[in-house]
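Every read-out reported here was derived from the displayed coordinates using simple, explicitly stated rules and does not represent laboratory data. Note that the coordinates shown come from a computational prediction; the quantities given were computed from them, not determined experimentally. Glycine gets a Cβ as well: all are built from the backbone with ideal geometry, and neighbour counts include every protein chain shown.
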Amino acid sequence: MRTMVLAIATAAWIALTAAATASDPAAGAGRLQDIEVFRTAFLAKDRSYSPAARAEAERRLGQLARSADEISQVYFELEISRIIGLTDNGHTAFFPGPRSRRYNRIEIRFAPFGEDFYVLRTKAANADLLGARLVAVDNRPIAELRAAAHSLAGGIPAWRDRNAAYFFESPDQMHALGLIGRSESATYRLQTRGGAIVERRLVPEAANPDRPRANAERWFFPEPMPAEKGEWLSALALKAAPWSLTEPDAPFRWRWADEINAPVIDFRQNNDAEKRTIASFLDEVTAMLRARNPQNVVIDMRFNGGGDLNTTRDFMQALPALVPGKILVLTSPWTFSAAISSVGYLKQAAPGRVTIVGEAVGDRLNFFSEGSVVTLPNAKAEMLNATERHDYATGCRGFSDCHEPVRAHPISVPTLAPAVSAPWTIDAFLAGRDPGMEAVAAALR
């Protein structure tokens, strides 16, 4: 029923935008070419669509082709993104960051805490909104905006929330889906930290390919990017940030935490960095563990979006032999892809001694990945298909389409859900507290 309602709404909005947009055969020809590239280079190769979802994708593509010269470019891109979202697979993606630079964007940056979105960055004119919660845009409640944003991606709700703010920050995009009345400005309703409701008409910056480029998680780190040029303010002062929210450009690092008498090993990625290989880091950490012989260890994977699962597999499998006591692993919805694999290998290696702390990881135990980037020649939109299965529930038993390294080194764990819940709330964040490390300290006491 939900698919039928969405299809009716899609058809209605195509009709509405067609009535408001002058026919453009030249643009339509480019979109038809992009649709063909999408169909052959993306849809035909992606393996994450169910049969029903694939049939719906083909139907929607046909509908899009028939209206190609009557719709707006932003609607065209968003509908392609919604067709990709039919997979319900987190790795199958239309990259929202590059898309955001092709359309307008307000000078406020939201980030999710649970199911709510808060202002973590803004310029000085709206400094009073730092830490405020988004309530509505042009009287459209956040629940409706969130549902629309979720249709643009696959995966679990928390994963879809990761990139939803790209949508909320763009009147162009919200208007294209019929959620707000105009594209050139919008009235944002927010609740401040003091409880006051503020309505503010915001005029977005025009499309700009040179906007500061950052993944959505970057706004949690108060250290400004060079491209922000001192014009942007953070909701959290840099001097108040816990260690876990410092050094945003560090790909992996460790510290000895005196407060728990144990090392904290922080992985932000599972592949080589520009100036250091991950193998050299793992060698350093291994040497440290052998020299200092800690009773317990903390592995922080909360801001690890993945990489190559092969790079850390041996380390994770060997870690229980290096640490005799507790191994506490911090996870969050930003823990994704190869980071999930790493947690799986570690949990499998010592299920009785590995305790997961924090929030659930950003994907299911069964997903598709290992695809290739497809670029539409006219729209210049970039997307990622998914071609091989990862099954961490049964170790790929019964599946012939699993990623070869996972077949050779299977993961079979009943769950990767946290044994100790420690969500990062907005109150803790603004106070400079780290609930995950607080929970770790309590567990070790």
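Only Cα pairs under 8 Å and at least 6 apart count here; give the relative contact order of the stretch 154-306 as a rounded whole percent.
13
Label-point separation (nm) for Arg193 and Asn208, each offset 7 Å from Cα along Cα-to-Cβ?
2.6
Explain nothing, just the number: dipole magnitude of the stretch 150-193 about its Cα centre with +1 on each Lys and Arg Cβ and -1 on each Asp and Glu Cβ, in debye rounded to the nearest 20.
Values: 5 positive and 4 negative charges, 40 e Å.
For the stretch 150-193, the charge dipole is close to 200 debye.
Considering the dipole of the chain built from charges on the beta carbon (Lys and Arg +1, Asp and Glu -1) around the Cα centre, which of Gly358, Leu319, Leu444 is farthest to its positive end?
Leu444
Suppose R0 equals 35 Å. What FRET efficiency, 1/(1 + (r/R0)^6) with r the Cβ-Cβ distance, do Arg201 and Arg101 give to the nearest 0.05?
Details: r = 23 Å, r/R0 = 0.66.
Efficiency computed from Cβ-Cβ geometry: 0.90.
Using +1 on the beta carbon of Lys and Arg, -1 on that of Asp and Glu, and nothing else charged, what's the dipole of the stretch 226-332 about the Cα centre, debye to 20? Before the final figure, lay out the partial values.
Details: 12 positive and 14 negative charges, 52 e Å.
Once rounded to the nearest 20, the dipole reads 260 debye.
At a Cα cut-off below 23 Å, give the lysines reachable from Lys123, other chains included and same-chain residues fewer than 8 away excluded.
Lys229, Lys239
Could you give the dipole magnitude of the chain about its Cα centre, charging the beta-carbon of Lys and Arg +1 and that of Asp and Glu -1, in debye to the nearest 20?
Details: 51 positive and 51 negative charges, 96 e Å.
So the dipole magnitude of the chain works out to roughly 460 debye.
In the stretch 354-418, which trypsin sites (Lys or Arg not before Pro) fall in coil by DSSP and have 15 or fewer other Cβ atoms within 10 Å? If you can, show how the numbers build up before the last one.
Numbers: sites: Arg364, Lys380, Arg389, Arg397, Arg407; in loops: Arg364, Lys380, Arg397.
Counting only loop positions with at most 15 other Cβ atoms within 10 Å, the trypsin sites (Lys or Arg not before Pro) in the stretch 354-418 are Lys380, Arg397.
Using label points projected 7 Å from each Cα along Cα→Cβ, tell me how many nm separate Ala287 and Ala419, to one decimal.
Each label point is offset 7 Å from its Cα along the Cβ direction, giving 3.2 nm.
Test of understanding: what is the full-extension gain from Arg397 to Ala227, defined as 0.36 nm times their sequence separation minus their Cα-Cα distance?
Working: separation 170, 0.36 × 170 = 61.20 nm, distance 4.80 nm.
Contour length minus the Cα-Cα distance gives 56.4 nm.
Going by alpha carbons, how many degrees (0 to 90, nearest 10) lie between the helix axis of 73-85 and the longest principal axis of the chain?
Rounded to the nearest ten degrees, it is 50.
Suppose we keep just the DSSP beta bridges with both residues in the chain; what percent of those would be antiparallel, to 5?
Details: 38 of 54 bridges.
Antiparallel bridges: around 70 percent, rounded to the nearest 5.
Could you work out how far helix 278-292 tilts from the main Cα principal axis of the chain, as a 0 to 90 degree angle to the nearest 10?
Tilt of helix 278-292: around 30 degrees.
Take the Cβ-Cβ distance between Ser280 and His409 as r, set R0 to 30 Å, and report the resulting FRET efficiency rounded to the nearest 0.05.
Details: r = 22 Å, r/R0 = 0.74.
Calculated value: 0.85.
Give the residue from Ala386, Pro414, Ala339 lying farthest towards the positive end of the charge dipole for the stretch 306-445; charges sit on Cβ (+1 for Lys and Arg, -1 for Asp and Glu) and the dipole is referred to the Cα centre.
Working it through, the farthest residue towards the positive pole turns out to be Pro414.
How big is the gap, in Å, between the Cα center of the stretch 79-120 and the Cα center of the stretch 219-293?
That distance is 25 Å.
With θ taken as phi - 60° and the coefficients 6.51, -1.76 and 1.60, list the Karplus ³J(HN,Hα) couplings across the stretch 116-122 in order, rounded to whole Hz; mark glycine and proline as x.
Listing the rounded values in order: 9, 10, 10, 7, 10, 9, 6 Hz.
Just one of [x] 21.6, 69; [y] 25.7, 90; [z] 22.7, 72 is Rg and Dmax of the Cα atoms in Å calculated from these coordinates, so which is it?
Derived directly from the coordinates: [z].
Sort out for me the Cα centre separation of the stretch 361-440 from the stretch 171-207, rounded to whole Å.
About 32 Å separates the Cα centre of the stretch 361-440 from the one of the stretch 171-207.
If you fit an axis through the alpha-carbon atoms of helix 51-66 and take the longest principal axis of the Cα set of the chain, what angle between them do you get, 0 to 90°, nearest 10?
The angle comes out at about 40 degrees.
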